[in-house]
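Working notes, structure below.
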Amino acid sequence: MQDVITAAPVARVPVRDGAGGSFPVHRIYCVGRNFADHAREMGAAPANPAARGRPVFFLKPADAVVTDGQVPYPPATCELHHEVELVVALGRDAPAGELAVEDAQGLVFGYGVGLDLTRRDLQAEAKAKGLPWDIGKGFDASAPVSAIVPVAEAGALEHRTLTLEVDGERRQHGALRDLVWDVPSILHELSKLYRLRAGDLVFMGTPAGVGPLQPGDRFRASLDGIVEVQGRVLPR
Ligand code: MN
């Protein structure tokens, strides 16, 4: 069968593999409140590691990825916020059913660093009304992301940190060992809700220090020693 319209191509993220590869994006899952200090700054109770319940999940459209760092200031908001996050890229489909925690790492193709850009005013309004977060989180160009670094090159993450600078000033800094749910736990929890597929990206949640981005601001997000993404917010 032939397509009857011309649709946008699948979104892709470059891979830092020395061969110019690219990673086609299937879905973008995001985790909320995965650092206790950020949960507190948002007025939420930090998760209790002993009785963690279910993580907070939401999604962004696959084509929300920005790979050239150029972020148009989004419409319908006066409060665009940055959230620097570890990005996990899945290279294999999960088996049917629940994914065991001990099998989860085998799905991971690589890592990157990204920004979970948020229209905070719209998210706050949705929260207050008990409505979905979609318009606050899942908008066009809401997911600037670095190149994906394959697991073998990235090495162990437990001693790594995330940093975000805006116009040269440090805004966010957090250690991955402080994640409430680590990568295998998040993939296990997601697999109870969705069939994980090759091409999925998972934004793992942000440390404290979220704040506004203005038109013209330049940002630099890094997963220290591994990869970074630089860019700017375009004028309105
Ligand atoms: Mn986030």
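Observations on the structure shown:
- Solvent-accessible surface ranking, highest first, for 1, 204, 42 at 1.4 angstrom: 1, 42, 204
- Just checking the listed ones, 96, 19, 141: in the Gaussian network model of the chain with Cα springs under 10 Å, the one fluctuating most is 19.
- Overall dimensions of the chain by Cα: Rg and Dmax, Å: 17.0, 53
- Averaging the sequence gap over all C-alpha pairs within less than 8 Å and six or more residues apart, then dividing by the number of residues, gives the range 12-233 a relative contact order of 33 percent.
- When 77, 6 are compared by accessible surface with a 1.4 Å probe, the order from highest to lowest is 6, 77.
- Peptides 102-111, 169-178 ordered by packing proxy, namely the average of other Cβ atoms within 10 Å per residue, highest first: 102-111, 169-178.
- Tail fraction, Cα-Cα pairs, the range 92-196, threshold 22 Å, whole percent: 50 percent
- Relative contact order (%) - criterion: Cα under 8 Å, at least six apart; region: the range 25-142: 29 percent
- Sulfur and carbon atoms: percent of accessible area, the range 12-233 [1.4 Å]: 49 percent
- Each stretch of four or more DSSP H residues adds -39500 (n - 2.57); spread over every residue of the chain, this sum gives -3500 deg cm²/dmol at 222 nm.
- Simple Cβ-charge dipole of the range 12-233, Lys/Arg +1 and Asp/Glu -1, about Cα centre, in debye nearest 20: 400 debye
- Distance from the range 1-49 to the range 52-107 (C-alpha centre basis), Å: 3 Å
The values are calculated or read from the model by the stated rules, or taken from the named source; none is laboratory data. Remember, predicted model here, so these are calculated numbers, not experimental data. Neighbour counts are summed over all protein chains in view; Cβ atoms, including those assigned to glycine, are modelled from backbone coordinates with ideal geometry. For the accessible areas, the whole protein counts, side chains as well, though only heavy atoms, and no ligand, DNA or RNA atoms are used. Shrake-Rupley method; radii C 1.70, N 1.55, O 1.52, S 1.80 Å.
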